[in-house]
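Notes to accompany the following structure.
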Amino acid sequence: MSKSGSKFKLKPKTVLTTMLSLLLVVTALAAAETAEEKGLAIAREADLRDTGFGDFTADMRMVLKNKHGQESIRKIRIRTLEVKGDGDKNLSIFDTPADVKGTAFLTYTHKVGDDDQWLYLPALKRVKRISSRNKSGSFMGSEFAYEDISSQEVEKYTYKWIKDETYDGKECFVIESYPVDKKNSGYTRQVNWIDKSQYRILKTDFYDRKNSRLKTLTFKGYRQYLGKYWRPDEMNMVNHQNGKSTRLIWSNYKFRVGLKARDFSKNSLKRAR
Amino acid sequence: MKAQSLITIISLLLFSAWTSLADTHELSGYVSADGWFFPNDPLFPGQEKNNASLAIQAEYYHEWQNGSAFTFVPFARLDGTDPERTHFDIRELNYLWVKDSLELRLGVGKVFWGVTEFVHMVDIINQIDTVESIDYEDRLGQPMIHLSAPIYESRDLGVVEMFVLPYFRERTFPGRKGRLRYSLVVDNQNAVYESPDKNRHTDFAVRYSHSIGAWDIGISNFNGTSREPVFRLNYNDNGEPVIIPFYEQINQTSIELQLVEGRWLLKFEGFYRSSRAHAFFAGTGGFEYTFVGIAETSMDLGVIGEWAYDERGETALTPFSNDAILGMRLNLNDAAGSELLAGLVSKVDTPSGAVVVEAGRRLGDNWKFEMEIYTFFNQRKNDLLYSLRNDDFFRFELIYYY
């Protein structure tokens, strides 16, 4: 090859032909990108844009509303640690209702396989392992299932781009995501509206196991932190089948407060306040 | 006048020093009222039929910026019939010092060991407050020096804990007037000890615990005064026969294992205990499986199956010598957090045991209603529960959290 290489002479015409044919190949490749590949690429881009936040803490007010409009409120503090090469570690501490004050919930999310979860019961001083397969179960009586509030890792779903559409005045990709763990998820699919400019989820429709629309989650008041990471002020989950809804009102976001893996250990769960 | 203002100034200074350093300090707790209804007449002289009581618990918590914390949890119950159930206890009064992930807790504290749902066998640090409830889940505060040292060697390798327990707490037992007691009254004032140091014997414990993937393990060793007394018959000053609790010196090695396999939780805990008089094994284990969203609702149903064994058999001061336990936990997942736990405990060889139902729900944000039903069936003469054969009861409790 080195011999022929030395003989090869670049002529302007050859360059042009080469460039044209390359262009054709690229276009052909782009056209060949399936809807699944495009969906995955969008999910990856959204994930990439949220990578590197390190850790954050936030306060969350959970407002449960039944079909008669009666509300009850839970106050929860959230601590999250980004883990390189795996899913995030997450700690939720309950301040109200008063009878569950001090209850804490620890999750190690994994990109592949089951998450690890523990619950701390302060009255007994007991750290209890719980099965993360119960992901379709209600989180504290809310319309959020455990799988809705746990860290959304790219690997937990497969994707498909459906169409582009304007939602809430913003150009969006509409992609569907399908749980990898089909057996234990409460959903057959989720339809996500992701804005093209910032790759933020603006709305998700959840379809139950019979593929009928179960819930809709909308995100409001996105703010950017550290000049990069977007977090909503409010998330509203409406259950179309039982008429109940749950609002999560977020405040007091603090990024890079210096949380360490040891702040997410089973042992530290006992003194989480 | 001068002295008074001086005191005021000093206390103001102290208060501001205390609070200015503070990161968090909070006061919480509960007040509760409960009623016990026994449909059957009592069996033993002196016992009264029904009962009502009041309880209060407060928790003061203060945390400094460096993570150190002070906790104070006093508890008191005022009982309508049984003076032995009227009691005050400091559940916690301790100072926690934290450096990185090293923790040192000094003072009265509480810890929990174990994995199973019904019988808590290896949980030995804190004495059982049996007059609070017969499920043995209420514990007395234990004075301790508790060091907790996580091992990090580029990754999490578990936690080593060391306990120095300089003072022993005697188990509480119902008095003459109370229900849910043995035919003879336990003489709480005249406990006997194997150690000449009595309740000032210093006990030691060490523990290693770790989570490896789907496994949670715990290995512990306790050396000191047994929390479980041996009963000796004797006469009190009035010449009446009574039970004298005798607290032996023991060495107890225990293990806890738990595996999460899909929706199954598989559990085992057991210990080997030796004293001068005897050495034996006891263990309990089983499974827990949760059905999520049953009958197209948001309700969860957990099914629990456990077995408890004690090598001492009927001579054990535990109702669980060879028993099977079947339980279910129904969680309505409603805003009120409604929950129901039902359990059937029975001897493996003969149908003899108890049925337990516990339920609770919130009323608004600060109130909670709880109820318990216990029925004992087919008790045999040599069984520990024989003396409870007429003590089926219904208990309700109203709790206000502040």
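Readers should treat all values here as calculations from the given coordinates under stated rules, not as data from a laboratory. None of the values given here were measured: they were computed from a predicted structure. Here Cβ is always computed from backbone atoms with ideal geometry, including for glycine, and neighbour counts include all displayed protein chains.
Quick check on my link table: of B:Lys177/B:Lys347; A:Lys266/B:Lys267; A:Lys156/A:Lys254; A:Lys75/A:Lys254; A:Lys75/A:Lys101; A:Lys84/A:Lys260, which ones sit more than 20 Å apart, alpha carbon to alpha carbon?
Check vs 20 Å cut-off fails for B:Lys177/B:Lys347; A:Lys156/A:Lys254.
Considering the alpha-carbon set of segment B:199-354 alone, what are its Rg and its Dmax in angstrom?
My reading of the Cα-based Rg and Dmax gives 20.0, 64 Å.
Principal axis lengths of segment A:45-269 from Cα atoms, whole Å, largest first?
If we take the Cα atoms of segment A:45-269, the spans are 51, 42, 33 Å.
Quick one: if the Förster radius is 51 Å, what FRET efficiency do A:Leu119 and A:Leu226 give, using the C-beta to C-beta distance and rounding to 0.05?
After rounding, the FRET efficiency stands at 0.95.
Taking only Cα atoms of segment A:49-165, what ratio of Rg to Rh do you get with Rh as the Kirkwood inverse-distance radius?
That ratio is 1.00, to two decimals.
Of the options A:His68, A:Leu91, A:Thr109, report the single residue whose Cα projects farthest towards the positive end of the charge dipole of segment A:62-110 (beta-carbon charges: Lys, Arg +1; Asp, Glu -1).
A:His68
Report the charge-dipole magnitude of segment B:22-401 in Debye, nearest 20, computed about the Cα centre from +1 at each Lys and Arg Cβ and -1 at each Asp and Glu Cβ.
780
Along the positive direction of the dipole of chain B (beta-carbon charges: Lys, Arg +1; Asp, Glu -1; about the Cα centre), which of B:Ser68, B:Ser352, B:Phe204 reaches farthest?
Most positive-ward Cα: B:Phe204.
Give, to the nearest whole percent, the P(r) tail of the protein assembly as shown beyond 39 angstrom, counting all Cα pairs.
Working: 95023 of 227475 pairs.
Across the protein assembly as shown, Cα pairs with separations above 39 Å total 42 percent.
If contacts are Cα pairs under 8 angstrom and at least 6 residues apart, what is the relative contact order of segment B:194-267 in percent?
31
Just add up the charged neighbours of A:Glu171: K/R +1, D/E -1, any other residue whose Cβ is under 11 Å from the Cβ of A:Glu171.
-2
Can you compute the modelled spin-label distance between B:Glu137 and B:Thr297, with each label point 7 Å from Cα toward Cβ, in nm?
2.1
For segment A:45-269, build the charge dipole from Cβ charges (+1 Lys, Arg; -1 Asp, Glu) around the Cα centre, then report which of A:Phe139, A:Asn239, A:Cys172 sits farthest towards its positive end.
A:Phe139
Which loop-located chymotrypsin sites (Phe, Trp or Tyr not before Pro) does segment B:279-351 contain, where loop means any DSSP state but H, G, I, E or B and the Cβ has at most 16 other Cβ atoms within 10 Å?
Numbers: sites: B:Phe280, B:Phe281, B:Phe287, B:Tyr289, B:Phe291, B:Trp307, B:Tyr309, B:Phe320; in loops: B:Phe320.
Hits after loop and neighbour filter: nothing returned.
With only alpha-carbon pairs counted, each pair once and no self-pairs, how large is the Kirkwood hydrodynamic radius of segment B:205-258 in angstroms?
So the Kirkwood estimate lands at 14.0 Å.
Write down Rg/Rh for chain B, rounded to two decimals, with Rg from the C-alpha atoms and Rh from the Kirkwood relation over Cα pairs.
Reported Rg/Rh (Cα atoms, Kirkwood Rh): 0.98.
Under a Cβ-only charge scheme (Lys and Arg +1, Asp and Glu -1), can you give me the dipole magnitude of segment B:216-300 about the Cα centre, in debye to the nearest 20? Provide the component values of the computation, followed by the final result.
Numbers: 6 positive and 11 negative charges, 83 e Å.
Here the size comes out at about 400 debye.
Give the Rg/Rh ratio for segment B:255-303, taking Rg as the radius of gyration of the Cα atoms and Rh as the Kirkwood radius, to two decimals.
Across segment B:255-303, the Cα-based Rg/Rh ratio is 1.29.
Please report the net charge: other residues with Cβ closer than 14 Å to the Cβ of B:Asp383, K and R +1, D and E -1.
In short, 0.
Just to verify a number: FRET efficiency for B:Val192 and B:Glu48, C-beta to C-beta distance, R0 = 35 Å, to 0.05?
Details: r = 29 Å, r/R0 = 0.83.
Between B:Val192 and B:Glu48 the formula returns 0.75.
Lys and Arg at +1, Asp and Glu at -1: add these up for the other residues within a Cβ distance under 10 Å of B:Glu103 and post the number. Working shown, then result.
Values: positive: A:Lys270, A:Arg271, B:Lys99, B:Arg105; negative: B:Asp100, B:Glu161.
Summing Lys/Arg as +1 and Asp/Glu as -1 gives +2.
Can you give the angle from 0 to 90° between the axis of helix A:12-32 and the longest principal axis of chain A, with both taken from C-alpha atoms, to the nearest 10?
Helix A:12-32 sits roughly 30 degrees off the main axis of chain A.
With only Lys, Arg, Asp and Glu charged, each at its Cβ (+1 for the first two, -1 for the last two), find how big the charge dipole of the protein assembly as shown is about the Cα centre; round to the nearest 20 debye.
For the protein assembly as shown, the charge dipole is close to 2800 debye.
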